[in-house]
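Please read the structure below before turning to the comments.
The values are calculated or read from the model by the stated rules, or taken from the named source; none is laboratory data. Computed from a predicted structure; not experimentally measured. Cβ atoms come from the backbone with ideal geometry, glycine included; neighbour counts cover every protein chain shown.
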Amino acid sequence: MKDLDSKSNHYKENSSKELISFTTLDGTLSLRSNKYRESFHCETGARKEATEKFLNPAEISQHPNKESITVLDVCFGIGYNTGVLLEPSQRRDLQLKWWGLEIDKRPLQIALKNKTYRESWSSRELRMLDSINSYGYWNEKGFEGEIIWGDARKGIKEIPINNRFDLIMLDAFSPVKCPELWSAEFLVNLSQRLAKNGRLITYSSAASIRKTLRDSGLEIMSLLPITTNKQDWTSGTIGIFPGSEQIKSNSSHYFRPLTIMEEEHLKTRASVPYRDPSGNSTSYEIHKRREAEQKSSSLKSTNSWKKKWINA
Ligand SMILES: C[S@@+](CC[C@H](N)C(=O)[O-])C[C@H]1O[C@@H](n2cnc3c(N)ncnc32)[C@H](O)[C@@H]1O
């Protein structure tokens, strides 16, 4: 989903060999990682993606909490998902208690040196980003936040267990490139940290991710597509506890129950989870483990599902 057409002429400047900055079609900055061979955001817009795939379905202005919400940003990167949450129109008078997880300090350092990036934020948003970069936390009237630098699999354990999140945004590189942050163990860990009326949001619609989230006790809904392109049948997944106030209202403009096609996807081998029992497996080990499990699985082949629904 985050792959960028290598023939794109939107690449702008080379910030380092491993991380290349480019301007997306909405005029905001993104980075491409040569290590993961994926870009941080869709080419159509970094800020646009954060708004459409995370901020809008979060609907924080309607959250039943009266005073504050607690947010976890998994894979902070250059901070768009959190940055857009700070837009004044979004917050009512809600206080924001925030945690971020990110392994690499360089993306934010590179972005903060870029004029386009700095100019795309209000002064308050920029103060937050500068503070996270310099001190790893920020604290200003109404906002309190701390980032835990390092592998998110370990970082999540450093957040005191009594913190329950009203919003978890999971924005790792794709499961193919970064399976360690999509393992059943990590996803279950995140689900267990969700508050009663919380939302776990990700751009991924992979069957393995949806199935794991459902098995962990969450009700899974499909984020409505953003484009009218027939192949874009969803823009991601939202997980909510059954019976939460959010589900009862069932009137979101941003998500809906899974379609028959999506339900059938969860009955194919694509739904076999990524497994990381030790919490420190390499991506190679996780892929090998899953391949072996898929081979011996009695689930339907994903190709037959594709023939029926995608290539029909
Ligand atoms: C798709 S980008 C996130 C984009 C980000 N949400 C933004 O708005 O800029 C994925 C991020 O995951 C980070 N990452 C990769 N492996 C990680 C790990 N094991 N733990 C934490 N972060 C990781 C990368 O450094 C990268 O910043």
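In the stretch 104-125, what count of residues is obtained for those that are in a loop (DSSP other than H, G, I, E, B) and touching a helix residue (DSSP H, G or I) at 6+ places or on another chain (Cβ under 7 Å)?
Residues flagged as in a loop (DSSP other than H, G, I, E, B) and touching a helix residue (DSSP H, G or I) at 6+ places or on another chain (Cβ under 7 Å) within the stretch 104-125 amount to 2.
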- Query: Restricting attention to the stretch 63-74, and to residues there that are in a strand (DSSP E or B) and more than 30 Å from Arg32 (Cβ to Cβ), which single residue is modelled with the highest pLDDT?
  - Reply: Thr70
- Which numbered condition Glu125 misses (of (1) in contact with a Gly (Cβ under 7 Å, 6 or more places away or on another chain); (2) modelled with pLDDT of 95 or more; (3) not hydroxyl-bearing (Ser, Thr, Tyr)): (2)
- From (1) surrounded by 21 or more Cβ atoms within 10 Å (Cβ to Cβ); (2) within 18 Å of the chain's Cα centre (by Cα); (3) more than 22 Å from Ser39 (Cβ to Cβ); (4) within 16 Å of the ligand (Cβ to nearest atom), pick out the condition that doesn't hold for Gly155. (1)
- Within the stretch 109-136, work out how many residues are more than 21 Å from Asp26 (Cβ to Cβ), among the hydroxyl-bearing types (Ser, Thr, Tyr) and surrounded by 14 or more Cβ atoms within 10 Å (Cβ to Cβ). 1
- Item | Residues satisfying the stated conditions in the stretch 52-80, i.e. closer than 18 Å to His253 by Cβ, crowded, with 18+ Cβ neighbours inside 10 Å and without any contact (Cβ under 8 Å) to a residue 60 or more places away in the chain | Leu55
- Message: Condition (residue is out of contact with any helix residue (DSSP H, G or I) (no Cβ under 6 Å at 6 or more places or on another chain), modelled with pLDDT of 95 or more, within 12 Å of the ligand (Cβ to nearest atom) and not in a helix (DSSP H, G or I)) applied to the stretch 75-98: is it met by at least one residue?
- Response: yes
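Evaluate the following for Phe173: is it touching a helix residue (DSSP H, G or I) at 6+ places or on another chain (Cβ under 9 Å), among the aromatic types (Phe, Trp, Tyr) and under 24 Å from Ala270 (Cα atoms)? So that I can check it myself, show each step before the final result.
Values: touching a helix residue (DSSP H, G or I) at 6+ places or on another chain (Cβ under 9 Å): yes; among the aromatic types (Phe, Trp, Tyr): yes; under 24 Å from Ala270 (Cα atoms): yes.
Spelling it out, Phe173 is indeed touching a helix residue (DSSP H, G or I) at 6+ places or on another chain (Cβ under 9 Å), among the aromatic types (Phe, Trp, Tyr) and under 24 Å from Ala270 (Cα atoms).
Quick one: in the stretch 158-192, of everything that is under 17 Å from Pro277 (Cα atoms) and aliphatic (A, V, I, L, M), which residue is surrounded by the fewest Cβ atoms within 10 Å (Cβ to Cβ)?
Out of the qualifying residues, it is Val188.
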- Message: Residue under question is Ser174, and the condition is that it be within 18 Å of Ala58 (Cα to Cα) and of a type in the set (S, T, N, Q); does it hold?
- Response: no
- Note on the structure: A careful count of residues in the stretch 19-64 that are more than 11 Å from the ligand (Cβ to nearest atom) and of a type in the set (Lys, Arg) gives 2
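How about the stretch 166-218: which of its residues are assigned to a strand (DSSP E or B), within 11 Å of Thr237 (Cβ to Cβ) and not β-branched (Val, Ile, Thr)? Outline the logic, then answer.
Residues of the stretch 166-218 that are assigned to a strand (DSSP E or B), as a first pass: 166-170, 183, 194-202.
Retained after the next criterion (residues that are within 11 Å of Thr237 (Cβ to Cβ)): 170, 199-202.
Of everything in the stretch 166-218, those that are assigned to a strand (DSSP E or B), within 11 Å of Thr237 (Cβ to Cβ) and not β-branched (Val, Ile, Thr) turn out to be Leu170, Arg199, Leu200.
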